[in-house]
Each structure stands twice: as C-alpha cells, then as structure tokens.
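**Student:** Below: one structure in structure tokens.
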Amino acid sequence: MLTFLGERDAAGFLARSVGRHFERQGAVRVLPVPVRVDLPPVGMMTMRARPNSATTAALMDDLRSAAQNVATA
C-alpha cells in the first residue's frame, strides 16, 4: 500500500492504527474523513488493467478463507 501511494497521486484505506504509525514516520498523511463502510478483515489491491495470475488468484482465495476462519472462530 505504501509503495502504491508513494508512486501515484492516490488515496487509500488503512487501519487507523496503521495510518497513524506511518504518519508518525512521515510516510503518509491521515485525512480527517469519516469512513462509514464495513471493511473485510483482509484487504487486497489489484491493478485494474492487469489480470491476476493463477498463483495470485489462489493466494487471494486462501487469504479470504483464512480470514473467514479467523472471523468465525
């Protein structure tokens, strides 16, 4: 996420604690914008114009499955 934000004129979502951590290091700036969305326990970013490889798709499926198992445990 930090590489993505650093290389593009972009905004992104981070957990508040993570955002504050990187803000203290000068890597990002946390904007005072209330976000009222229910985010999943695992977030993944992909490039719109680049299809996922079979390996990436499998990893994403495994991460979603593991996150679901943790959320329901």
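**Student:** In this structure, does residue 46 turn out to be more than 18 Å from the chain's Cα centre (by Cα) and either surrounded by fewer than 12 Cβ atoms within 10 Å (Cβ to Cβ) or in contact (Cβ under 8 Å) with a residue 60 or more places away in the chain (or both)?
**Tutor:** Working: more than 18 Å from the chain's Cα centre (by Cα): no; either surrounded by fewer than 12 Cβ atoms within 10 Å (Cβ to Cβ) or in contact (Cβ under 8 Å) with a residue 60 or more places away in the chain (or both): yes.
No, not satisfied.
**Student:** If you don't mind, another one. Going through region 12-45 one residue at a time, which ones are of a type in the set (Asp, Glu) and part of a loop (DSSP other than H, G, I, E, B)?
**Tutor:** Of region 12-45, the ones of a type in the set (Asp, Glu) are 23, 38.
Hit for region 12-45 is 38, nothing else.
**Student:** Collect the residues in region 16-43 that are at pLDDT below 80 and surrounded by 10 or more Cβ atoms within 10 Å (Cβ to Cβ), keeping them in residue-number order. Steps first, answer last, please.
**Tutor:** Step one: of region 16-43, the residues at pLDDT below 80 are 37-43.
Answer for region 16-43, where residues must be at pLDDT below 80 and surrounded by 10 or more Cβ atoms within 10 Å (Cβ to Cβ): 40, 41, 42, 43.
**Student:** Please specify each residue of region 1-11 satisfying the condition of being without any contact (Cβ under 8 Å) to a residue 12 or more places away in the chain and part of a helix (DSSP H, G or I).
**Tutor:** Our first condition is that a residue be without any contact (Cβ under 8 Å) to a residue 12 or more places away in the chain; within region 1-11, this holds for 3, 7-10.
Those that are without any contact (Cβ under 8 Å) to a residue 12 or more places away in the chain and part of a helix (DSSP H, G or I): 3, 7.
**Student:** Next up: Inspect all residues belonging to region 59-71 and state whether any of them is assigned to a loop (DSSP other than H, G, I, E, B) and over 15 Å from the mean Cα position of the chain (by Cα). If you could, list the steps in order and put the result at the bottom.
**Tutor:** The first filter runs over region 59-71 and keeps only residues assigned to a loop (DSSP other than H, G, I, E, B), leaving none.
No: zero hits.
The values are calculated or read from the model by the stated rules, or taken from the named source; none is laboratory data. What you see is a predicted model, and the numbers here were worked out from it, not measured in a lab. Every residue, glycine as well, gets a Cβ built from its backbone with ideal geometry; the counts of neighbours run over all protein chains shown.
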